[in-house]
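Encoded as structure tokens, the structure appears first; notes follow it.
The values are calculated or read from the model by the stated rules, or taken from the named source; none is laboratory data. Everything numeric here is computed off the predicted structure, so don't read it as measured data. Because the Cβ atoms are built from the backbone with ideal geometry, glycine has one as well, and the counts that use them run over all protein chains shown.
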Amino acid sequence: AGRHSKSYSVTLIPGDGIGPEIISVAKDVLVLTGCLEGIKYEFNEVLMGGAALDATGVPLPDLTLSTAKQSHAVLLGAVGGYKWDNNPKSLKPETGLLQLRKELGVFANLRPATVYPPLVDASTLKTHVAHGVDLMLIRELTGGIYFGQPRGFGTYENGEEFAFNTEIYATHEIDRIAHFAFKIAQKRRGKLCSIDKANVLEASMLWRKRFLAIAQEYPDVELSHMYVDNASMQLIRDPKQFDTVVTNNIFGDILSDEASMVTGSIGMLPSASLADLGPGVFEPIHGSAPDIAGQDKANPFATVLSAAMLLRYGLGEEKAAERIENAVLDTLNRGFRTVDIYSPGTKLVGCKQLGEEIMKSVESNV
Ligand code: ATP
Ligand code: MG
């Protein structure tokens, strides 16, 4: 351990499908990096999703929630699988994850979209992948049209059915995500693009007004605004123009999937969901991949990069986070690939062996 050894409690939720395989690699990488950077962990492994349903009958057991709430951060694999696909909504693995996010109050969802140069020319990746993309998309996660009241179905007097939802944002909800986004932009390249539909929607007009007001407190950040229709085009046309991007819940839902595609591989992308106070949830953006579970084929990079986000945004351990990110790049540069990112001329390995190679890179720290 280093000079000022710090200790953190981390909740591990392997979940279902490939979850246990990728979490095992990420845990090993965290431990080794911690040894080298003077950080200690107390890991608590708990059940959620399908694994929890099978063992306890509910997707989010009380023990899992209380463990998560008492920890500094939660590292999650993935939940779900064919086995539970026909369960009623309250007994779906994914419901456990939604409940966990709600209970922890994680209102900001961060998804970096980064292109790794060693992967750009790989034949398995799509042609739209562009060198130099390195953006952070921040999605407001607990407000907007997905939660707005009133909502529902109705019937007009003439018998015709209708349905409606409400896009609603209060000032405090906008201010909270705005401050959050400005702070992230400060730590990155100092550019923040807020995406809205302020030419049409009142909720977006208030959103834009609050961002303009709060910008006064962050003179070192260059704020710009873009309409969501234009943004969806610009993300494909020239994704390199973006540094930090922030948007509401529904636009973020759509744009985050779009942004991930400009990087080419689902197995490479991490995410963080953060609260004002209390632990965040760190997880790969991909699902539980039941089609390859238990076969040692899963790409662990996204989960390892989620562990790096846990260090940076969850624990404030920037140096250790960078060490892991550098190790990921070094492992790619040394040619190691799982099957989803394999191309001729590179070295095909399984999940476990890739983990070993990542650890060598963490150790050599080039
Ligand atoms: P969800 O609905 O839970 O978000 P999904 O069912 O849409 O997920 P995934 O579980 O992410 O989809 O799987 C989509 C495809 O990508 C599958 O063929 C899966 O094998 C593959 N895949 C996902 N994650 C990885 C990974 N880490 N390594 C290799 N392949 C993966
Ligand atoms: Mg799925």
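For the reader, a short list of remarks on this structure follows.
- Among residues of region 243-276 being at pLDDT 95 or above and closer than 30 Å to residue 348 by Cα, the one that is farthest from ligand 1 (Cβ to nearest atom) is 272.
- Residue within region 30-38 that is assigned to a strand (DSSP E or B), touching a strand residue (DSSP E or B) at 6+ places or on another chain (Cβ under 8 Å) and farther than 24 Å from residue 285 by Cβ present: no
- So residue 298, is it among the hydrophobic types (A, V, I, L, M, F, W, C), within 24 Å of residue 100 (Cβ to Cβ) and in contact with a Cys (Cβ under 6 Å, 6 or more places away or on another chain): yes
- Subset of region 226-250 [touching a residue at least 60 places away in the same chain (Cβ under 8 Å) and not charged (D, E, K, R)]: 236, 239, 242, 244, 245, 246, 247, 248, 249, 250
- In region 277-315, the qualifying residues are those that are touching a Ser or Thr at 6+ places or on another chain (Cβ under 7 Å) and away from ligand 1 (no atom under 14 Å from the Cβ), and the one that is farthest from residue 72 (Cα to Cα) is 282.
- Number of residues in region 162-198 that are surrounded by 22 or more Cβ atoms within 10 Å (Cβ to Cβ), part of a strand (DSSP E or B) and not polar (S, T, N, Q) equals 4.
Conditions tested, residue by residue: (1) under 30 Å from residue 11 (Cα atoms); (2) in contact with a helix residue (DSSP H, G or I) (Cβ under 7 Å, 6 or more places away or on another chain); (3) part of a loop (DSSP other than H, G, I, E, B); (4) of a type in the set (S, T, N, Q).
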| site | (1), (2), (3), (4) |
| --- | --- |
| 200 | no, no, yes, no |
| 205 | no, no, no, no |
| 210 | no, yes, no, no |
| 225 | no, yes, no, no |
| 246 | yes, yes, no, no |
| 253 | yes, no, no, no |
| 256 | yes, no, no, yes |
| 259 | yes, yes, no, no |
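- Annotation note: of 190, 132, the sole residue that is under 30 Å from residue 321 (Cβ atoms) and at pLDDT below 95 is 132.
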